[in-house]
1. Among (1) surrounded by fewer than 11 Cβ atoms within 10 Å (Cβ to Cβ); (2) of a type in the set (A, V, I, L, M); (3) touching a residue at least 24 places away in the same chain (Cβ under 8 Å), there is one condition Ala33 misses while meeting the rest; what is its number?
2. Given the options Thr5, Thr64, Thr9, name the one that is surrounded by 10 or more Cβ atoms within 10 Å (Cβ to Cβ), at pLDDT below 95 and not in a strand (DSSP E or B).
3. Does Ala44 satisfy the condition of being loosely packed, with under 11 Cβ neighbours inside 10 Å and modelled with pLDDT of 95 or more?
Amino acid sequence: MEQHTTHSTSSVPSAHSQSFVGVVVKTAMKDTATVRVDRFVKNAKYKKYFVRSKKHLAHDPGNTAQVGDTVTIVSTRPISKLKRFAIADTSAAASVSSDSRPTK
């Protein structure tokens, strides 16, 4: 008996997809959010760690993410010229305050 297997192309990330945790820094575009991903890099000579950042454009259907949210992004098929990621999960919502300046 011959078995036929079908491969599903669902939006669930596969085991080989990249995923990053970052902070939403901009939501001015339709269905797109700019996410800043920080990583620590160690200087070889001085052994000091410092932060390197990279901004990724992530697909956000329905514009659900707000600036300041901590989100998880996963790699997907190319959605546009620069969009290669999609927002999978929002871990922490940004706190909304009327005055964010420190008091003296």
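1. Condition not satisfied by Ala33: (1).
2. Details: Thr5 fails: surrounded by 10 or more Cβ atoms within 10 Å (Cβ to Cβ); Thr9 fails: surrounded by 10 or more Cβ atoms within 10 Å (Cβ to Cβ).
Step by step, each of Thr5, Thr64, Thr9 is checked, and only Thr64 is surrounded by 10 or more Cβ atoms within 10 Å (Cβ to Cβ), at pLDDT below 95 and not in a strand (DSSP E or B).
3. Details: loosely packed, with under 11 Cβ neighbours inside 10 Å: yes; modelled with pLDDT of 95 or more: yes.
Yes; evaluated as a whole, the condition is true for this residue.
The values are calculated or read from the model by the stated rules, or taken from the named source; none is laboratory data. Bear in mind the structure is a predicted one, so any value in this text is a computation, not a measurement. Glycine gets a Cβ as well: all are built from the backbone with ideal geometry, and neighbour counts include every protein chain shown.
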